[in-house]
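*Asks:* Before I ask anything, let me first share the structure, which is written out below as structure tokens.
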Amino acid sequence: MPDLVRFDVTNPLFKADPHEFYAQLRESGPAHRVYLPGYGNIWLITTYADARAVLADPRLSKDPANVPEALQKAMVEAGGQDNFQLMAHMLNSDPPDHTRLRKLVVRAFTARRVRELQPRIQEITDTLLDEVVAKGRADLIDDLAFPLPITVICELLGVPAADQEDFRRWTSILVSEDEELLPQLQDAFDQLNAYMTDLVGRKHTEQDDGLLSALVSVAEDGDSLTDAEVVWMAFLLLVAGHETTVNLIGNGVLALLRHPDQLAALRADESLLPAAVEEMLRYDGPVETATWRFTTSPVDVGGVVIPPNESLLVVLASADRDPGRFPAPDTFDIGRADNQHVAFGHGIHYCLGAPLARLEGQVAIGTVLRRLPDLALAVDESDLRWRLGVVMRGLQNLPVRFTPGSAAR
């Protein structure tokens, strides 16, 4: 078994640029045992081909109910989750449960429902930018990237306008990695859970055109979602869907500001925006690693045999910089062809909200470029701080400057 590698993902210097470290891992092999706080000893999968293979391998489980006691104990001792059942949603389930849940959810969360959101996403984006255009300065995380997706999700779920401020506050605490907010975490979870349980219950008799009503009503072959399953789907959309979009917008705008030639090319031809967003997802995507899995039997990864009952993370950020799949992978190129990245995962757990994240990213970033034509960083790059943690990759803040009263809607 390979030697255990130790590195500190809570080190701000590592989070500022993890790609050099991942490149070193890729060069020395496809799978590496490391020690991570909250996980203990865990395997990292770093190459593109092996990442796709592992993400589609049925010998990898995500169901917390099946975690071996010894493995669960080791993770708790490393500072990890001590109540695995709090993670009991569709993302953390295996077939046949996952197959059943996804089939029902897909019937409610349709491509048409996402497409119909575009005018409202544009309206919300413009309203948020209206608040900052006269100032000549903004924090694109606090002023746009964070409030946009949470507003969209509230409206998508059918949360009444009068309740949305509480909803935002609870969600802000749940997705935060600020240690000062940890004492509030359980209370925020309990309040949001109670609110969502009550709201889902009301949707049985107070139907509207929101996603919750659709999830409550969806059925196939006599099967339907329980209220608890609908609540967990809402939680998944809140935490996973919201965070992904925040980081896509922040990381994407930063990549453009760091590459003025690509920024100029996109300003000159807005039809490049969909391809540009795909390159943003590949180059510095919003999710650094796929969520935790464990082996249920031996798994051969590029000649390295991982024993059963071992923890594993697929490093999406490394797979998407693999020179074996992407020519000049460290080059940010919005015209890149054949850009089949794994930023949203692969296999049965491919991100259900990917179309919504793409749409929000295209609308938000495109509108920023139109309305703030001389956008520039308001701080030195060395002053930017990345949020700490293993799974997500995103900025704490993105201060920018521009000419006050820039382009109107």
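The numbers here are math on the coordinates, done by the rules we state, and not lab data. Computed from a prediction, not measured in an experiment: that's the story for all the values here. Please note: Cβ atoms are built from the backbone with ideal geometry, for glycine as well, and neighbour counts cover all protein chains shown.
*Asks:* Simple spin-label model, 7 Å along Cα-to-Cβ: GLN340 to ALA228 in nm?
*Replies:* The modelled label-to-label distance comes out at 4.0 nm.
*Asks:* Just need the relative contact order of the chain here, percent rounded to a whole number, with Cα pairs under 8 Å and 6+ apart. Each step should come with its number before you reach the end.
*Replies:* Values: 633 pairs, mean separation 103.8, N = 409.
The value is 25 percent.
*Asks:* Could you give the nm distance between label points at SER271 and THR110, where each point is 7 Å from its Cα heading toward the beta carbon?
*Replies:* So the two model labels end up 3.0 nm from each other.
*Asks:* Grab the Cα-Cα distance for ASP209 and GLN72, subtract it from 0.36 nm times how many residues apart they are, and report the gain in nm with one decimal.
*Replies:* On the way: separation 137, 0.36 × 137 = 49.32 nm, distance 4.10 nm.
Difference between extended and current length: 45.2 nm.
*Asks:* Using +1 on the beta carbon of Lys and Arg, -1 on that of Asp and Glu, and nothing else charged, what's the dipole of the chain about the Cα centre, debye to 20?
*Replies:* Numbers: 37 positive and 60 negative charges, 154 e Å.
Taking the Cα centre of the chain as origin, the dipole is about 740 debye.
*Asks:* Ok, one more. Treating the beta-carbon of each Lys and Arg as +1 and of each Asp and Glu as -1, no other charges, what is the dipole magnitude of segment 102-248 about its Cα centre, to the nearest 20 debye?
*Replies:* Working: 13 positive and 28 negative charges, 130 e Å.
It comes to approximately 620 debye.
*Asks:* Give the cross-link partners of LYS15 among the lysines, using a straight C-alpha distance below 30 Å as the criterion and excluding same-chain residues fewer than 8 apart.
*Replies:* Answer for LYS15, where 30 Å is the Cα cut-off: LYS62, LYS73, listed by chain and number.
*Asks:* While we're looking at this one, here's another question. Which Cα, out of LEU236, LEU372, SER382, lies furthest along the positive dipole direction of the chain (beta carbon charges, K/R +1, D/E -1)?
*Replies:* Going by the charge dipole, the pick is LEU372.
*Asks:* Among the aspartates and glutamates, which have Cα under 14 Å from the Cα of LYS103 when same-chain residues fewer than 8 positions away are ignored?
*Replies:* Here the aspartates and glutamates satisfying the reach criterion relative to LYS103 are ASP94, GLU220, ASP221, ASP223, GLU229.
*Asks:* Taking amide H positions as placed in the peptide plane 1.01 Å from N, state which residues far from ILE306 in sequence (5 or more) or on other chains have amide H under 5 Å from it.
*Replies:* VAL299, ASP300, VAL301
*Asks:* Any idea what Rg and Dmax come out to for the chain if you just take the C-alpha atoms, in Å?
*Replies:* So, for the chain, Rg and Dmax equal 21.1, 61 Å respectively.
*Asks:* Right, next: Which FRET efficiency value, to the nearest 0.05, do you get for ASP221 and ASN193 by plugging their Cβ-Cβ distance into 1/(1 + (r/R0)^6) with R0 = 22 Å?
*Replies:* Taking R0 as 22 Å, the efficiency between ASP221 and ASN193 is 0.15.
*Asks:* Take the eigenvalues of the Cα gyration tensor for segment 172-238, scale each by 5, and report the square roots as semi-axes in whole Å, largest first.
*Replies:* Working: eigenvalues 158, 27, 18 Å².
Semi-axes from the Cα gyration tensor: 28, 12, 10 Å.
*Asks:* Ignoring everything except DSSP H segments at least 4 long, calculate the 222 nm mean residue ellipticity for the chain; use -39,500 (n - 2.57) per segment, divide by total residues, nearest 500. Present the calculation step by step, with values, prior to reporting the outcome.
*Replies:* Working: 17 runs with 183 residues, N = 409.
Theoretical 222 nm ellipticity from helices: -13500 deg cm²/dmol.
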